[in-house]
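The values are calculated or read from the model by the stated rules, or taken from the named source; none is laboratory data. Since the structure is predicted, the reported quantities are computational estimates derived from the model, not experimental observations. With ideal geometry, Cβ positions are generated from the backbone for all residues, glycine too; neighbour counts draw on all protein chains shown.
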Amino acid sequence: MSVYDCTADDKVPDRFRKTLGSNLDSLRAHNLSAILTQIHHDHPLSRSDLAAATGLNRSTITILVNDLIDRGLVVESNGAGEGSRKSAGRPRMSLHPSDRVLAIAVNPEVDAITVGVVSLGGKVERTIRYETDEPPTMRRAVKITTAIIEGIQTMLPSDSRIVGIGVAVPGLTNAIDGSVALAPHLGWRQEPLASTLSEETGLPVWAANDAHLGVLGETVFGGGTHVGNILYLNGGASGIGGGVISGGMPLKGATGFAGELGHFRIRSDGKRDSAGLQGTLESEVTRDDLLRSLGLESRDFLKLDAALTEPRTGIAQQEINRQVHALGTALGSMVTIFNPELIVLGGFLGSLLDAEPERLRHLVAQESLTPQYAVVEIVRPELLENVLLVGAAELAFGALLRDPTAFDIAPEPSNGATAAEAVA
């Protein structure tokens, strides 16, 4: 993001002062956005770090940082802190995003609704998973989510502020109005999710496809921070979703629904997936088939993840081999189409990667063109099971990061408890 010095010139003619004032306000908001976004993504940073990163002079940095501190968005502490450049002499002051500024992240699934509390800076402070016996309707999901949020709000310090809610939806979601066009596993069609949840909670709500938010989280806070071409696939209870970063930009398509990689066809026969398409990646690679082969009754992701790294029976190994073969075949074709530098496999797809890493990589190489595969790295998300929540929170933090001036001056702290301590 570009930044600009915005010191007023005392010699500006009076007839231009009104326009100049407006322009200066705009420049100030722009620079505050740049500074806050930098601290949010790359903390801890010193004021000198910010000056070097933005090109602004030190006096301008001081004014902007003090404004963000007054608004309760940034805190300053002694010591360089992890990640900040150090120098000899007196300890440097480090700037961090305030953990009193929070977003609520929500991921509705066919078997559970997961709600996370995420502080500015991308840290997941707490996760609450509410299991359901059957896929919830949109309105039931809203009621459950609202009840969880109300419980969370009673535990937070009075000076904590929730800026909004981000929802990671396993389906086709209109990122402009937060409506769900189609989430087949949940049985949702043309549902006004964001507006309904906002009406119930009194908070602004944004919603987008879960895999699109997964790749957002990983590019902002995970292993894709400096990678311009990423292929992200997430495997969950609702099947497989995908997100693509090409040339540093998200691939959206004509209607914003690009990246439905779970419906990528890999055979002419086979089972039909949730959308009625035959022989797709989603129909061949499924979490439930893995659970059955391993004899697991729990649908908890961490238990499945652990089971796939332990010694396995013949039936379980056969199922793992079958799914790894299908996944490798699909990824090989995707490498040829998208030419990524990085493939990130989230959810149970990452578990399959850990279970058979060499086999999967060999299959991808076998099914793609050598010059394209040569530049590809296949990994799990650095954020692991939190990747969707972090991405959803980033959606909710977006308005604040774009315009910190819309955020009021912070109230006085009521006690010494941090948000993290309050919801622990």
(message) So GLN190 ticks every box in (1) of a type outside the set (Ser, Thr, Tyr); (2) crowded, with 20+ Cβ neighbours inside 10 Å; (3) out of contact with any helix residue (DSSP H, G or I) (no Cβ under 8 Å at 6 or more places or on another chain); (4) over 30 Å from ASP289 (Cβ atoms) but one. Which box is left unticked?
(response) (2)
(request) Determine the pairs where a residue that is among the basic types (Lys, Arg), located within the range 27-39, has a partner that is assigned to a helix (DSSP H, G or I) and surrounded by 18 or more Cβ atoms within 10 Å (Cβ to Cβ) with Cβ atoms under 9 Å apart, the partner being 6 or more residues away or on another chain. (result) ARG28/LEU64; ARG28/ASP67
(message) I'd like to verify a number: residues in the range 102-120 that are within 17 Å of the chain's Cα centre (by Cα), touching a residue at least 60 places away in the same chain (Cβ under 8 Å) and either farther than 28 Å from SER46 by Cα or not in a loop (DSSP other than H, G, I, E, B) (or both), how many?
(response) 13
(message) When the residues of the range 375-409 are narrowed to those that are over 20 Å from the mean Cα position of the chain (by Cα) and surrounded by 17 or more Cβ atoms within 10 Å (Cβ to Cβ), which ends up modelled with the lowest pLDDT?
(response) PHE407
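Quick grid of which residues meet (1) of a type in the set (Phe, Trp, Tyr); (2) outside the structural domain of ARG322 (by TED's automatic domain parsing); (3) modelled with pLDDT of 90 or more; (4) in contact with an Asp or Glu (Cβ under 7 Å, 6 or more places away or on another chain):
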{"residue": "LEU233", "(1), (2), (3), (4)": "no, no, yes, no"}
{"residue": "GLY242", "(1), (2), (3), (4)": "no, no, yes, yes"}
{"residue": "GLY247", "(1), (2), (3), (4)": "no, no, yes, no"}
{"residue": "ALA258", "(1), (2), (3), (4)": "no, no, yes, no"}
{"residue": "HIS263", "(1), (2), (3), (4)": "no, no, yes, yes"}
{"residue": "ASP269", "(1), (2), (3), (4)": "no, no, no, no"}
(message) If I ask for residues that are crowded, with 21+ Cβ neighbours inside 10 Å and either modelled with pLDDT under 95 or in contact with an Asp or Glu (Cβ under 9 Å, 6 or more places away or on another chain) (or both), which ones from the range 75-98 would you list?
(response) SER94, LEU95
(request) Return yes when ALA374 is closer than 22 Å to THR280 by Cα and hydrophobic (A, V, I, L, M, F, W, C) and no when it is not. (result) no
(request) For the range 281-316, enumerate the residues that are closer than 19 Å to GLU109 by Cα and assigned to a loop (DSSP other than H, G, I, E, B). (result) VAL285, THR286, LEU296, GLU297, SER298, ARG299, ASP300
(request) Would you mind stating whether ASP49 is assigned to a helix (DSSP H, G or I) and under 14 Å from GLU76 (Cα atoms)? (result) yes
(message) Condition check: under 19 Å from LEU395 (Cα atoms), hydrophobic (A, V, I, L, M, F, W, C) and assigned to a helix (DSSP H, G or I). Does LEU197 satisfy that?
(response) yes
(message) Name the residue that is farthest from the chain's Cα centre (by Cα), counting only residues in the range 236-266 that are assigned to a loop (DSSP other than H, G, I, E, B) and under 13 Å from LEU327 (Cβ atoms).
(response) ILE266
(request) Name the one entry in GLY166, GLY178, GLY151 that is in a strand (DSSP E or B) and under 29 Å from VAL101 (Cβ atoms). (result) GLY166
(request) Mind counting the residues in the range 272-314 that are closer than 21 Å to ALA183 by Cα and β-branched (Val, Ile, Thr)? (result) 3
(request) Scan the range 310-359 residue by residue and report those that are of a type in the set (D, E, K, R) and under 26 Å from GLY217 (Cα atoms). (result) GLU341, ASP354, GLU356
(message) Within the range 353-371, does at least one residue satisfy the condition of being within 29 Å of GLY166 (Cα to Cα) and part of a helix (DSSP H, G or I)?
(response) yes
(request) Taking ILE39 as the residue in question, decide whether it is modelled with pLDDT of 95 or more, not charged (D, E, K, R) and not in a helix (DSSP H, G or I). (result) no
(message) With the requirement that a residue be surrounded by fewer than 24 Cβ atoms within 10 Å (Cβ to Cβ) and either outside the structural domain of VAL163 (by TED's automatic domain parsing) or touching a Phe, Trp or Tyr at 6+ places or on another chain (Cβ under 8 Å) (or both), what does the range 204-220 give you?
(response) VAL220
